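Structure first, then comments.
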Amino acid sequence: MPLPKFCGVVHEIPNNQVIQMAVFEQYPRITPFLWFDTNAEEAVEFYLAVFKNSRILGTFRREIDDPSGPKGTMLTISFELDGLHFTALNGGPFHKFNEAVSFAIRCDNQEQIDYYWSKLTEGGSEIQCGWLKDKFGLCWQVVPARLADLIKHPKAILAMMQMKKLDIAELERAAQ
């Protein structure tokens, strides 16, 4: 059975299931849509490896040549990271990520902060105050779940401003 076609692309989903256009009705009303040059597949594989409880929801391949890629290449990948739906687009070199948009990762302990910081800065860069840019240029905030309580204390804010990766114990000491 041929795969369904939507907007000039072929839709594939895992396990050779056929899906109707109504699938979009099942998605959240608002879904982050991430524009990559030609490496959306690589980025999605990377994010799936970093975040547990994650999966690919579906893919679209181009059925025609277009300005951002040739027929047959991946156009979009819908995926889920720990319950949040995303769509990655191979849109060509027309737009880049910047620091104006970031995704916050709530961490329950220092071990989680260390894990996400290590994985996401690999090939990327540290910024400041728990912010980083991954190797694809996407910005993340790796923060303790208690951050709002901790930074109610002026000394904790000052301590945080001196950090790149956040240190919960140091923030707690500064908050006393």
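Quick one: how many residues across segment 22-70 are under 19 Å from residue 94 (Cβ atoms) and either basic (Lys, Arg) or in the same structural domain as residue 133 (by TED's automatic domain parsing) (or both)?
Result for segment 22-70: 1.
Before we move on, is residue 55 part of a strand (DSSP E or B) and at pLDDT 95 or above?
In short, yes.
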Exercise. Inside segment 46-73, can you point out the residues that are loosely packed, with under 14 Cβ neighbours inside 10 Å and under 14 Å from the mean Cα position of the chain (by Cα)?
Worked result: 49, 52, 53, 55
Exercise. Does residue 138 satisfy the criteria of being hydrophobic (A, V, I, L, M, F, W, C), out of contact with any helix residue (DSSP H, G or I) (no Cβ under 7 Å at 6 or more places or on another chain) and either at pLDDT 95 or above or within 14 Å of residue 34 (Cβ to Cβ) (or both)?
Worked result: yes
Problem set entry | Selection status of residue 40, within 30 Å of residue 117 (Cβ to Cβ) and either in contact with a Leu (Cβ under 6 Å, 6 or more places away or on another chain) or buried (at least 17 other Cβ atoms within 10 Å of the Cβ) (or both) | yes
Problem set entry | Residue that is farthest from residue 158 (Cα to Cα), among those in segment 96-131 that are of a type in the set (Gly, Ala, Ser) and touching a strand residue (DSSP E or B) at 6+ places or on another chain (Cβ under 6 Å) | 124
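The values are calculated or read from the model by the stated rules, or taken from the named source; none is laboratory data. Just so it is clear, the model here is predicted, and its values are computed rather than measured. With ideal geometry, Cβ positions are generated from the backbone for all residues, glycine too; neighbour counts draw on all protein chains shown.
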